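Read the figures in this text as sums done on the coordinates, not as results from a lab. Fair warning: this is a prediction, and the values are worked out from it, not measured in the lab. Cβ coordinates were reconstructed from backbone atoms using ideal geometry, including for glycine residues, and neighbour counts include every protein chain displayed.
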Amino acid sequence: MARTPRTGASVRPIAHLSLVDRVTDELHRAILNGDIKPGAAVSIVELCEQFDVSHIPVREALRRLESEGLVSLRPGRSALVASLSREDLSGIYRLRKIIEGDLVLRAMETMSEERLARAQVALDEYAEIEREPASLAAAHHAFHAAILDEVTGGVDRRVLEILWHSADRYLHLLMDNLDTAPETTRARIDEHRELLDLARAGQATELRDAWIAHLESTENALLAALESDPETHAAEA
């Protein structure tokens, strides 16, 4: 007796999904590092040739990056890498302050010694890293996640990951323009120590206010770096 074909969405082969993941990761790395410049048009045909793959995984990878706001697909066979702008950066941090401020208050209701210990480990690592964007971002996210993860639902997490990845792009591309004086670096580390001290003390409202102030401080530092970036001014000219 012949088997009746099953209905519903088909499952794509694992190998295909892995190929899409690899193309996405490489494009993501190239965009964050500035190997593919902000505002640049990328040809799908050329990407297929460089990766030695068909257009299917390349298009899927670009769709994923479009969902993160890193590129925009254009009619035809190309995509445009998102430019850096004050408006975009301010929008990222405006949403982060709203979402993370709410999550911090909820996180304090169930704060545990285990989460505080994870935050301390991440902070210690963050304090030891010198000017390497990917490692700095990873340790920074680990600190924030240790405090917030317990109350971060699926929707919150997806939105936060988009915002964090978008903020990371500015950190990567503007690292050379950031103020890296020892006292400035120490002040950034001290901001995180204050956050952890407030969490340990159970001061929820004070922690929320300090968290938002920390985000504002980071936003202002990146805005200043963006203002002094010659490539940004060249793109606006």
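Brief remarks follow.
- Label separation (Ser228 vs Phe51): 3.7 nm, computed from points 7 Å beyond Cα along the C-beta direction.
- Gain in span if fully extended, Arg158 to Ala41, counting 0.36 nm per residue against the direct Cα distance: 39.4 nm
- Dipole-positive endmost among Leu19, Leu80, His55 within the range 14-81 (Cβ charges, Cα centre): Leu80
- Exposed loop sites are taken as GluC sites (Glu not before Pro) in a DSSP loop (any state but H, G, I, E or B) with at most 13 other beta carbon atoms within 10 Å; the longest stretch of the chain without one runs 1-108.
- Full extension of the chain between Ser112 and Asp88 gives 5.1 nm of extra length, using 0.36 nm per residue less the Cα-Cα distance.
- Around the Cα centre of the chain, unit charges on the Cβ atoms of Lys, Arg, Asp and Glu (plus for the first two, minus for the last two) sum to a dipole of about 1360 debye.
- Between the amide H of Val71 and those of Glu66, Ala82, distances stay under 5 Å, these residues lying 5 or more places away or on another chain, with hydrogens modeled in the peptide plane.
- Prolate/oblate/rounded call for the range 31-149, Cα gyration tensor, a/c under 1.5 rounded: prolate
- Considering the chain, its Cα convex hull presents a mean projected area of 17.6 nm².
- Pairwise centroid distance, computed over Cα atoms, of the range 164-225 with the range 117-157, Å: 12
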